[in-house]
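Right, one structure below, let's go through it.
Bear in mind that the values in this text are calculations on the coordinates, not laboratory data. In this text, all values refer to a predicted model and were calculated from it rather than measured experimentally. Cβ placement follows ideal geometry from the backbone for every residue including glycine, while neighbour counts extend to all protein chains displayed.
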Amino acid sequence: MVAEDGSQVGILPLADALRMADEKELDLVNISPKANPPVCKIMDYGRFKFEQDKRQKEARKNQKVIVLKEMRLSATIDKHDMEVKAKNVIKFLVSGDKVKVSIRFKGRQLSHTDQGLAVMNSFLEMLGDHAAVEKQAKMEGRSMFMILAPKN
């Protein structure tokens, strides 16, 4: 048994341990029931749970949720349209979000995936030093995509 101040009390019968906890108006909490003999501690269990919940809330509050935004391009996109989309992607990256850039091929475009790759590469050059490639451009079905992360 462990006292409320953390000192070792020793091995006691259950009745004596419960009586000691009752005298101090605290709870007898079973810390490790599988140990031989089981380890118990005298503590205020309500306060313990409150502090534990408070630590968990604090940890969740300090956590940054990373959002995956998506920007769709086409294999035949014009230069100015690509510049506008690049400007928006830079805003996403500066705010700390990841961006999935995708191109969907329609009909006969599917036989010219090399043009889509060229569009992806020129789009990446427009982003400059704002983006780091997390996943290279690759085909998956009818679409090609790459994932960009903010560069630190």
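Among the listed pairs 24/61; 79/138; 54/85; 79/135; 61/100; 57/151, which have their C-alpha atoms separated by more than 32 angstrom in this model?
Correct reply: 24/61; 54/85.
Among 112, 130, 80, the order by Cβ neighbours within 10 angstrom, fewest to most, reads 80, 112, 130. Note on segment 4-81 and segment 135-152: Cα centroid distance 39 Å, given to the nearest whole angstrom. Taking 19 Å as the straight-line reach from the Cα of residue 98, the aspartates and glutamates in range (excluding those fewer than 8 positions away in the same chain) are 70, 83, 125, 129, 134.
Restricted to Cα atoms, segment 68-150 shows a radius of gyration and a Dmax of 12.0, 37 angstrom.
The structure-derived value of mean projected area of the Cα convex hull in nm² appears in the list [x] 9.9; [y] 15.2; [z] 8.1 under the label [y].
Cβ-Cβ distance of residue 32 and residue 64, R₀ of 35 Å, FRET efficiency by 1/(1 + (r/R0)^6): the value works out to about 0.50.
Where both bridge residues fall in segment 1-139, DSSP classifies roughly 45% of the beta bridges as antiparallel. Legend: translational diffusion of segment 14-61 by Stokes-Einstein, Rh = Kirkwood radius over C-alpha pairs, 37 °C, 0.692 mPa s; D = 270 µm²/s. Each Cα pair under 8 Å and six or more residues apart adds its sequence gap; the mean of these over the residue count of the chain is a relative contact order of 17 percent.
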